[in-house]
Amino acid sequence: MMENTYYIRSRAKRMKRQKQVRKNIILLLLSTIVISAFMVFFASMSIQASDMDHKVSYKYYKSIMISQGDTLWSIAEENMDEHYSTTREYIDEVKRMNSLTSDQIQSGSYLIIPYFSTEYKINDI
């Protein structure tokens, strides 16, 4: 009889321990999920905040007179910004806009070139 009582108590303790271990595992998993969710939320908030640091740029066009010694490359280096990945990309746009078939330009002529500004400008007509 004593042996049977010992077995029952021992089994009850094991079951209680297993139940506590399951509770701890569930609590750990829930805590991990909640912490991960907060980390993702705050990371996305910081990305949005850094995106708001960048000002909006507007694309404009202006006409310039070509001076003696100017080349498309020198004009590009003087006027392009980070909106263009390469100087060639800027030059190709200038050529398209001005219907140029070669890189040759003549002093005294005019070119329309693109530029970007953070100021919003309304054309006066």
Formal net charge of residues neighbouring THR71 (Cβ-Cβ distance under 10 Å; K, R +1; D, E -1): -3
Net dipole in debye of segment 57-104 [+1 Lys, Arg Cβ; -1 Asp, Glu Cβ; about Cα centre; nearest 20]: 220
From phi via Karplus (6.51, -1.76, 1.60), per-residue ³J(HN,Hα) for segment 60-65 in Hz, x at Gly/Pro: 10, 9, 9, 9, 10, 8
P(r) histogram, all alpha-carbon pairs of segment 12-108 included - 10 Å bins from 0, percent: 12, 24, 13, 11, 11, 10, 8, 7, 4, 1
Of the trypsin sites (Lys or Arg not before Pro) in segment 76-125, those whose Cβ has at most 15 other Cβ within 10 Å and which sit in DSSP loop: LYS121
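Values quoted throughout were computed directly from the atomic coordinates according to the rules given, and no laboratory measurement underlies them. Remember, predicted model here, so these are calculated numbers, not experimental data. Cβ sites come from the backbone with ideal geometry, for glycine too, and all protein chains shown count toward neighbours.
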